[in-house]
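A.B. asks: Handing you a structure now.
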Amino acid sequence: MSNANDSAKSRSTDVKYLVTQEGFSEEIQQSNLFHKFNAKVPARFVLYFLSCSGFLVSFMMRNDINIALVAMTAKNSTRLTEIFQTNESATLSSALASGDTFDWSPTVKSVIGGSFFVCYVLSQVVGGVAAQHFGTKHVFGWSQFATAFGSLCIPFAADLHYSVVIAIRCIQGFASGLTWPAMYAVVGYWIPLSERSRFMSSFQGFSIGIGLTYVICGFIIDNFSWRYAFFTTGSLGMLWCFLWYMLAYNTPHEHPRITDEELEYIEMNIGVEVKESVGMKVPWKCIFTSLPVWAISITTFGRIWIHYVFIFYGPSFMTNILKFPFQANGFLSGMPFICSYLSSVVFCCIADKMVLKEVMSLTNIRKLFTAFSQIIPGILIFSIGYINNIVVLLIIWFIAVTYITASYAGAMANIVDIAPNLAGQVLAFCQTIHMSASFLSPLAGGFIVTSEGSIEEWRILFGTSSVIAIVTYSIYQIYGTATIQKWNYLSTSNSNSSEENNILNNKDTEDNIPIDV
């Protein structure tokens, strides 16, 4: 408590008051106004808003090209001829007449989509190291700025050559890969343990971002031009960067507007935790050789694979097979992702209730919800290629996308279960493995679906994705566990923490048997 008071006093002495009595009174009045405002809007809430909106904007900038590519290469689509014949979209007709589309093959399009994620995977560990040395404010802020600037440049790059677009997407991918580790790094300094689960929900802003991308960009493309889709997402990114640099700070001590009460509350609740975590040697060898960690990585690879089939190829399937115009395409592609944010909250609440009521062991709860996120979507995506009723197909599509989010009550939450003290490092390792599916999935799809109007080729893509999702889950079924790993413990853990962990471990192992799915 004394440290908090001392830091508050040191910050107040840094304020340069005016020499005149009038100026001094004015400064005091402004200070009181800031105090009243901050008392109602805690700095932690502002950080939550910045985190949620940051991931939302980040995923808008990384996914805008998925639906834009359909319009950018529209002259290769059989749907385009039908649009012109029925005169449904004068904008697209004039766009083709003015040479605003490109003759890019499905393979080139898949490389453009996948290039982002190749570099995204490579920068995961870099993000954690960079945040440690430069702070989350600079790493997260500059990564968002680079991504936003890239979005603004893509329309001009496309006019030069598709290889320039690929280069820009690589830069965007590397920059975006820094965001997750950077935000994980700041949580320990700002958020008390009792609030961390709620704060982590801010990371789910990406689901809303994916959905909004398709809805907004679909409307813009249908009524204006695909170029304005990139200008819109890039401009939103720049606006967010301005808010971030005005409002975000690495630690509570650096924040000039935080109240003394909030600073004292944070210090009292996270001071010991941060001190214990700092300086702990990360047992990388143990992480690399841990079967539970590999089980999480492999099963999540399958989930990401099937997820990115919906994200990257969804708009193309709806245009070329289902024959939807771009505005309807954007709405139907995006709504399941917007709703998936809500479904993830529901799944997590149900899982927490099951843990509280001891319905089954924590290990089996994680396996159950991981099965929901992969087995059900795996079966449903296989059936999509054989459904002729468009209403039934869309319902199946919607259910599959929303069930994928059950993973946040399953394997993704399991990272914290097995290594609560090293969750950030385990996450970086797992993401390096499973996020490779985010570029392998579009790349494989580009080789499988060479004729986008062929339902037979789409069936092969959906069938392949189904097998990958189900097979990778089987690894988690065998090796997955919620038991805290021995290498997780700090060398100076207090007795209470050890007792707590032992109770959890004993409770879990009582019923630590595979579930039947």
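The values are calculated or read from the model by the stated rules, or taken from the named source; none is laboratory data. Predicted model, so just to flag it, every value in this text is computed and none were measured. Don't worry about glycine lacking a Cβ; one is built from the backbone with ideal geometry, like all the others, and counts go over all protein chains shown. Just so you know, the surface numbers come from the protein's heavy atoms only, side chains and all, with ligands and any DNA or RNA stripped out. Shrake-Rupley method; radii C 1.70, N 1.55, O 1.52, S 1.80 Å.
A.B. asks: Could you grab me the full set of residues in region 137-166 that are of a type in the set (A, V, I, L, M) and in contact (Cβ under 8 Å) with a residue 12 or more places away in the chain?
C.D. replies: Across region 137-166, the qualifying residues are 139, 146, 148, 152, 154, 158, 165, 166.
A.B. asks: Pairs only if they're at least six apart or on different chains, beta carbon under 9 angstrom, first in region 41-58 and within 19 Å of residue 233 (Cβ to Cβ), second acidic (Asp, Glu) and at pLDDT below 90; list them, first residue then second.
C.D. replies: none
A.B. asks: Same structure again: Can you find even one residue in region 410-422 that is in contact with a Leu (Cβ under 8 Å, 6 or more places away or on another chain) and of a type in the set (Gly, Ala, Ser)?
C.D. replies: There is at least one residue in region 410-422 that is in contact with a Leu (Cβ under 8 Å, 6 or more places away or on another chain) and of a type in the set (Gly, Ala, Ser).
A.B. asks: Hey, among 210, 216, 168, which residue is part of a helix (DSSP H, G or I) and at pLDDT 90 or above?
C.D. replies: After applying the criteria, what remains is 168.
A.B. asks: Step by step: first the residues of region 282-309, then only those that are more than 19 Å from residue 437 (Cβ to Cβ) and of a type in the set (Val, Ile, Thr), then the one that is least open to solvent (accessible area, probe 1.4 Å). Which residue is that?
C.D. replies: Going through the qualifying residues, I end up with 287.
A.B. asks: Quick one: would you say residue 426 is more than 18 Å from residue 367 (Cα to Cα), β-branched (Val, Ile, Thr) and crowded, with 24+ Cβ neighbours inside 10 Å?
C.D. replies: On the way: more than 18 Å from residue 367 (Cα to Cα): yes; β-branched (Val, Ile, Thr): yes; crowded, with 24+ Cβ neighbours inside 10 Å: yes.
Yes: the conditions hold for residue 426.
A.B. asks: Considering region 310-360 alone, what residues qualify as being assigned to a helix (DSSP H, G or I), open to solvent by 30 Å² or more (accessible area, probe 1.4 Å) and not aliphatic (A, V, I, L, M)?
C.D. replies: 327, 331, 339, 341, 348, 349, 352, 353
A.B. asks: Now, a different point. Applying the selection to region 234-264, what residues are assigned to a loop (DSSP other than H, G, I, E, B), out of contact with any Gly (no Cβ under 9 Å at 6 or more places or on another chain) and among the polar types (S, T, N, Q)?
C.D. replies: The one that is assigned to a loop (DSSP other than H, G, I, E, B), out of contact with any Gly (no Cβ under 9 Å at 6 or more places or on another chain) and among the polar types (S, T, N, Q): 259.
Here's the yes/no breakdown for (1) among the hydroxyl-bearing types (Ser, Thr, Tyr); (2) closer than 14 Å to residue 469 by Cβ:
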| site | (1), (2) |
| --- | --- |
| 373 | yes, yes |
| 388 | no, no |
| 397 | no, no |
| 410 | no, yes |
| 418 | no, no |
| 443 | no, no |
| 446 | no, no |
| 453 | no, no |
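A.B. asks: Still on this structure, please answer the following. Output the residue which, of all residues in region 171-187 that are within 11 Å of the chain's Cα centre (by Cα) and open to solvent by less than 10 Å² (accessible area, probe 1.4 Å), is farthest from residue 54 (Cα to Cα).
C.D. replies: Looking at residues that are within 11 Å of the chain's Cα centre (by Cα) and open to solvent by less than 10 Å² (accessible area, probe 1.4 Å), I get 177.
A.B. asks: OK, next. I'd like to verify a number: residues in region 171-204 that are modelled with pLDDT under 70 and among the hydrophobic types (A, V, I, L, M, F, W, C), how many? Lay out the reasoning, then the answer.
C.D. replies: Kept after step one, since they are modelled with pLDDT under 70, are these residues of region 171-204: 185, 188, 193-198, 200-201.
Retained after the next criterion (residues that are among the hydrophobic types (A, V, I, L, M, F, W, C)): 185, 193, 200.
Of the residues in region 171-204, 3 are modelled with pLDDT under 70 and among the hydrophobic types (A, V, I, L, M, F, W, C).
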